[in-house]
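The next block holds one structure in the form of structure tokens; read it before the comments.
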Amino acid sequence: MPMTVIVTRDVEPRYRGFLASIMLEIAPGVYTSPNLSKAVRERILTVLCDWHGALGRGSIVLTWHDKAALSGQSVFTLGIPPKQIIDVDGLMLVKRDKSE
């Protein structure tokens, strides 16, 4: 169960309380867990998506180890343009989707 990191910006206080009850807040709005299971990560993501859909404020970035992903790391975003990891001549880069 590898490292999971969640970064929040300009979100309601409820996010901080919820995430701090599950993960370590290493800096304001930055939460980590070295051993978060996939099932727990998915439950957290469901809560965050529900709250963000209802409140519509701020942004959230969630990243975790994913063997199936191109770089071995997946990224999920809420409230900011989606990002994806791409391979450019062997160099892994983050590409922002400007469609939003």
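Does S71 qualify as being among the small types (G, A, S) and either at pLDDT 95 or above or under 13 Å from the mean Cα position of the chain (by Cα) (or both)? So S71 does not fit the description; no. Exposed (fewer than 15 other Cβ atoms within 10 Å of the Cβ) and free of Cβ contacts under 8 Å to residues at least 24 places away in the same chain - does that describe any residue in the stretch 57-65? No, that holds for no residue. On the stretch given as the stretch 78-93, residues that are closer than 15 Å to Y31 by Cβ and free of Cβ contacts under 8 Å to residues at least 24 places away in the same chain total 0.
Considering the stretch 4-15, the residues that are out of contact with any strand residue (DSSP E or B) (no Cβ under 6 Å at 6 or more places or on another chain) and closer than 14 Å to V61 by Cα include one that is surrounded by the fewest Cβ atoms within 10 Å (Cβ to Cβ), namely D10.
The values are calculated or read from the model by the stated rules, or taken from the named source; none is laboratory data. On a predicted model such as this, the values are computed, not experimentally measured, just so you know. Glycine gets a Cβ as well: all are built from the backbone with ideal geometry, and neighbour counts include every protein chain shown.
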